[in-house]
Amino acid sequence: MDITEVILNDHHEQRRMFGILEEVSPDDTEALGSVWKRLRILLEVHAAAEEKLFYPRLLKLQQDRIARESPGEETEDAVHDHNEIRDAIASVEDHPVGSIEWLRAVAEVNEVNSDHMAEEERQGLTDFRRHVGLEERHTMAVAFAAFEAEHAGGISAHDVDPHQYLREHG
């Protein structure tokens with residue numbers, strides 16, 4: 001087990017769930033609501049797990065090996081992205097399930113989340129595979145999976161100040 005693979009598997013599941021939402025008729029509000037609830041929980045818990053377990057180590061890696069001139073830019077950007085995703089998720093809740101506005105809001109979550117995942121896959125996960133040993137990646141993967149399992153019913157999502165995050169974890 002490897003933290004980079006656990007995160008990639010979550011990303012795959014997020015993409016799959018957005019695909020399911022695109023296939024369900026807007027009239028089937030029960031199915032849409034159920035799938036959305038599961039996806040919302042997955043997105044929120046995944047972001048919290050990354051902020052608790054992955055990004056602090058990524059920040060240390062950036063400081064030690066990769067970006068000595070500007071450590072933290074990648075982590076700060078990722079935390080900012082999570083806030084955008086949280087805000088987009090919150091806007092979905094403002095609309096009736098299946099309505100045009102709801103579908104647009106879900107599409108916005110998909111867009112900001114997809115942008116974040118692509119960037120993370122190109123940068124942070126690549127940095128980890130190159131510079132962090134498999135034993136440490138395994139230990140992190142176990143902690144990440146345990147965190148997600150512990151919070152499978154959801155969490156109380158809230159925005160995180162990226163600058164404060166860097167001060168606390170830098």
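Below are the figures for this structure:
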| item | result |
| --- | --- |
| Relative packing of peptides 74-82, 107-115, 126-134 - highest average C-beta neighbours within 10 Å first | 74-82, 107-115, 126-134 |
| Furthest towards positive pole of dipole, 96, 42, 82, structure part segment 32-108, Cβ charges | 42 |
| Gain on full stretching of the segment that runs from residue 9 to residue 122 - 0.36 nm per residue minus C-alpha separation | 39.2 nm |
| Accessible area in square angstrom per residue, the chain, 1.4 angstrom probe | 52 |
| Listed residues 7, 100 arranged by accessible area, highest first, probe 1.4 Å | 100, 7 |
| Span from the segment 81-99 Cα centroid across to the segment 121-151 one, whole angstrom | 27 |
| Within the accessible area of segment 1-97 (1.4 Å probe), percent carbon and sulfur | 47 |
| Residues residue 77 and residue 161, FRET efficiency given R0 of 22 Å [Cβ-Cβ distance, rounded to 0.05] | 0.95 |
| Helix-only [θ]222 nm of the chain, DSSP H runs n ≥ 4, -39500 (n - 2.57) each, per residue, nearest 500 | -24500 deg cm²/dmol |
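The values are calculated or read from the model by the stated rules, or taken from the named source; none is laboratory data. The model shown is predicted, which means the values in this text are computed figures rather than measured ones. Cβ coordinates were reconstructed from backbone atoms using ideal geometry, including for glycine residues, and neighbour counts include every protein chain displayed. Side chains included, ligands, DNA and RNA excluded: accessible areas come from the protein's heavy atoms. Shrake-Rupley method; radii C 1.70, N 1.55, O 1.52, S 1.80 Å.
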